[in-house]
Amino acid sequence: MAYQPDSVTALIEYLESAGFRLVSASRGGMGGVQLIYEGAIDGLPVEVEINADRGLWQALLKFDGMDGFTTAEVMAAYLDVAEVVDGDVEFEAAFIRERGAEAAVAFRRDGDAAETIAEIGRAHMKRVREELRQGFEGA
């Protein structure tokens with residue numbers, strides 16, 4: 001396999017030591033990787049997807065009841081009631097290891113969490129698209 005960041009290795013070790021099991025593993029050309037782990041954090045079922053495409057690594061999570069995976073950056077914004085900040089796989093892996101239990105507790109307590117998290121993600125992507133559009137028009 002191509003280079004794997006230390007933060008990804010640490011996340012995989014954490015997941016495996018916490019009883020997660022690897023349910024899907026795909027590896028392809030140009031360094032493509034997709035690993036999906038299933039387990040539980042603080043008793044709440046969760047899936048973690050670790051993926052890489054052309055050297056860009058990402059770690060995503062999805063609690064039971066969510067329609068799709070979300071980024072740790074969006075989940076942190078939900079927990080902190082803050083704007084989404086740019087992150088990287090180091091941030092994402094650390095978030096899952098260090099704040100996963102906090103996120104699970106908050107998700108379980110908030111009946112609207114899945115929709116709120118999805119809306120935070122949609123609003124962030126809308127802002128990013130608008131910033132890119134303005135950048136292209138101003139170039």
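Each residue in the range 48-92 was checked for being of a type in the set (A, V, I, L, M) and touching a His at 6+ places or on another chain (Cβ under 9 Å), and 3 pass. Each residue in the range 88-102 was checked for being out of contact with any strand residue (DSSP E or B) (no Cβ under 7 Å at 6 or more places or on another chain), part of a helix (DSSP H, G or I) and under 18 Å from Asp53 (Cα atoms), and 2 of them qualify.
Among the residues here, Val85 qualifies as surrounded by fewer than 19 Cβ atoms within 10 Å (Cβ to Cβ), under 15 Å from the mean Cα position of the chain (by Cα) and of a type in the set (Val, Ile, Thr).
Does Val74 meet the test of being touching a residue at least 24 places away in the same chain (Cβ under 8 Å), part of a loop (DSSP other than H, G, I, E, B) and under 19 Å from Val128 (Cα atoms)? Considered against the rule, which asks whether it is touching a residue at least 24 places away in the same chain (Cβ under 8 Å), part of a loop (DSSP other than H, G, I, E, B) and under 19 Å from Val128 (Cα atoms), Val74 comes out as no. Tell me, which residue of the range 103-139 that is small (Gly, Ala, Ser) and over 20 Å from the mean Cα position of the chain (by Cα) is modelled with the lowest pLDDT? Among residues in the range 103-139 that are small (Gly, Ala, Ser) and over 20 Å from the mean Cα position of the chain (by Cα), the one modelled with the lowest pLDDT is Ala139. Scan the range 30-50 and report the pairs whose first residue is free of Cβ contacts under 8 Å to residues at least 24 places away in the same chain and farther than 19 Å from Ala94 by Cβ and whose second residue is among the aromatic types (Phe, Trp, Tyr) and surrounded by 14 or more Cβ atoms within 10 Å (Cβ to Cβ), with Cβ atoms within less than 8 Å and a gap of 6+ or a chain change. Sorted first by the residue in the range 30-50, then by its partner, the pairs are Glu38/Phe20; Pro45/Phe63. Taking the criterion of being part of a loop (DSSP other than H, G, I, E, B) and buried (at least 17 other Cβ atoms within 10 Å of the Cβ), the only residue of the range 47-68 that qualifies is Met66.
For the range 1-30, taking the residues that are farther than 22 Å from Ala101 by Cβ and either touching a strand residue (DSSP E or B) at 6+ places or on another chain (Cβ under 6 Å) or among the aliphatic types (A, V, I, L, M) (or both), the one that is surrounded by the fewest Cβ atoms within 10 Å (Cβ to Cβ) is identified as Met1.
The values are calculated or read from the model by the stated rules, or taken from the named source; none is laboratory data. Since this is a predicted model, take the numbers as computed values, not measurements. Here Cβ is always computed from backbone atoms with ideal geometry, including for glycine, and neighbour counts include all displayed protein chains.
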